[in-house]
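**Q** Just dropping this structure here.
The values are calculated or read from the model by the stated rules, or taken from the named source; none is laboratory data. The structure presented is a predicted model; accordingly, all values stated were derived computationally and were not measured. Cβ placement follows ideal geometry from the backbone for every residue including glycine, while neighbour counts extend to all protein chains displayed. Ligands, DNA and RNA are stripped out before the accessible areas are found, and what is left, the full protein with its side chains, is counted by its heavy atoms. Shrake-Rupley method; radii C 1.70, N 1.55, O 1.52, S 1.80 Å.
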Amino acid sequence: YFPETPMVFPVGYLDTDGSTVLYSSTDQQGRVTTGVAMPGGGEDNAREVEQSFVKAVSTDPTTGRAAVMTKANDDASGCFGVVDGLATGSGNPLWETCDYSLGTFSPDGRYVLASDPYQSGAGKQSLSILDADTGDLVSSFTQEAPRDQTPVELTQMAWEDDDSVIAVALNEGDAAVLRLGVDGSIEEAVAAAPAVGDVTYYLGLDRTQL
């Protein structure tokens, strides 16, 4: 159990049996704390991570790693990275990048989603897939729309399996669902149609395949 304040939010599991959870909390002064909770309850089964992060983004239960935001800039950009050893409280950085913002890990933990370091608008206008071990670029999906044409915005993304991502794409009143492959392939999973309402398609939280 945690006190009513500060608010505590679960980020994800750090193991495949669901016994270790990474969480974050924000107090009334805006200070963010990242911690690890284990079964049993009580203060003895929850501890703060030694490293400080702006926020924790996602976890990979297969390796115990997490994607975190390491720095927030005044221009709304930031730096991100992947850290290891969180279950023991250390949070050792594996690699860091200021060229991308990070998202979720693939179900097998080999890849991590990434997009532009600047976050603005209704959705993302690019998507990249990085090697989770090194941060190297595996595949990238970008667009160069003419000035008189509205760019496609990706409003939601989730891993479909180890090798493909499903993304909701909006463009000039139409909505489609795209399938983006780790190999750089792209196809329409659901054909474009006029969007109805604020959320035409909704993708639930991605799940690790056990």
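**Q** Looking at the range 117-127, can you tell me whether even one residue there is farther than 28 Å from Ser24 by Cβ and open to solvent by 60 Å² or more (accessible area, probe 1.4 Å)?
**A** no
**Q** Additional query: Name the residues in the range 39-56 that are surrounded by 11 or more Cβ atoms within 10 Å (Cβ to Cβ) and over 26 Å from Phe80 (Cβ atoms), would you?
**A** Within the range 39-56, Gly41, Asn45 meet the criteria.
**Q** Pick from Val68, Val32, Val54: which is aliphatic (A, V, I, L, M), at pLDDT 80 or above and closer than 21 Å to Arg110 by Cα?
**A** Testing whether each residue is aliphatic (A, V, I, L, M), at pLDDT 80 or above and closer than 21 Å to Arg110 by Cα leaves just Val68.
**Q** Still on this model: Which strands (runs of 3 or more DSSP E) does the range 1-111 wholly contain that include 1 or more residues that are over 24 Å from Trp159 (Cα atoms)?
**A** The qualifying strands (runs of 3 or more DSSP E) are 7-13, 21-26, 32-37, 46-48, 65-72, 92-97.
**Q** Given the conditions (1) without any contact (Cβ under 8 Å) to a residue 24 or more places away in the chain; (2) over 21 Å from Asp84 (Cα atoms), and given that Val32 satisfies all but one, which numbered condition is not satisfied?
**A** It fails just one condition, (2).
Results for (1) closer than 24 Å to Ser128 by Cα; (2) over 19 Å from the mean Cα position of the chain (by Cα), shown as yes or no for each residue.
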| residue | (1), (2) |
| --- | --- |
| Leu14 | yes, no |
| Gln28 | no, yes |
| Thr34 | no, no |
| Ala46 | no, yes |
| Thr70 | yes, no |
| Phe80 | yes, no |
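**Q** Out of all the residues in the range 147-180, which are modelled with pLDDT under 90 and outside any strand (DSSP E or B)?
**A** Arg147, Asp148, Gln149, Thr150, Pro151, Val152, Glu172, Gly173
**Q** Same structure again: Return the residues of the range 106-116 that are open to solvent by less than 10 Å² (accessible area, probe 1.4 Å) and farther than 15 Å from Arg65 by Cβ; say none if nothing qualifies.
**A** Ser115, the sole residue that qualifies.
**Q** Restricted to the range 1-19, and to residues that are open to solvent by 60 Å² or more (accessible area, probe 1.4 Å) and polar (S, T, N, Q), which residue is modelled with the lowest pLDDT?
**A** Thr5
**Q** Out of Asp183, Asp198, report the one residue that is out of contact with any Leu (no Cβ under 7 Å at 6 or more places or on another chain) and modelled with pLDDT under 95.
**A** So the residue among Asp183, Asp198 that is out of contact with any Leu (no Cβ under 7 Å at 6 or more places or on another chain) and modelled with pLDDT under 95 is Asp198.
**Q** Looking at Gly135, Gly103, Gly85, Gly91 in this structure, which one is open to solvent by less than 10 Å² (accessible area, probe 1.4 Å) and within 28 Å of Gly35 (Cα to Cα)?
**A** That would be Gly91, the only listed residue that is open to solvent by less than 10 Å² (accessible area, probe 1.4 Å) and within 28 Å of Gly35 (Cα to Cα).
**Q** Leu22 versus (1) out of contact with any Gly (no Cβ under 8 Å at 6 or more places or on another chain); (2) open to solvent by less than 30 Å² (accessible area, probe 1.4 Å): which is the lone unmet condition?
**A** (1)
**Q** Let me ask something else about it. Within 14 Å of the chain's Cα centre (by Cα) and in contact (Cβ under 8 Å) with a residue 12 or more places away in the chain: which single residue out of Ile186, Ile129 fits that description?
**A** On inspection, the qualifying residue turns out to be Ile129.
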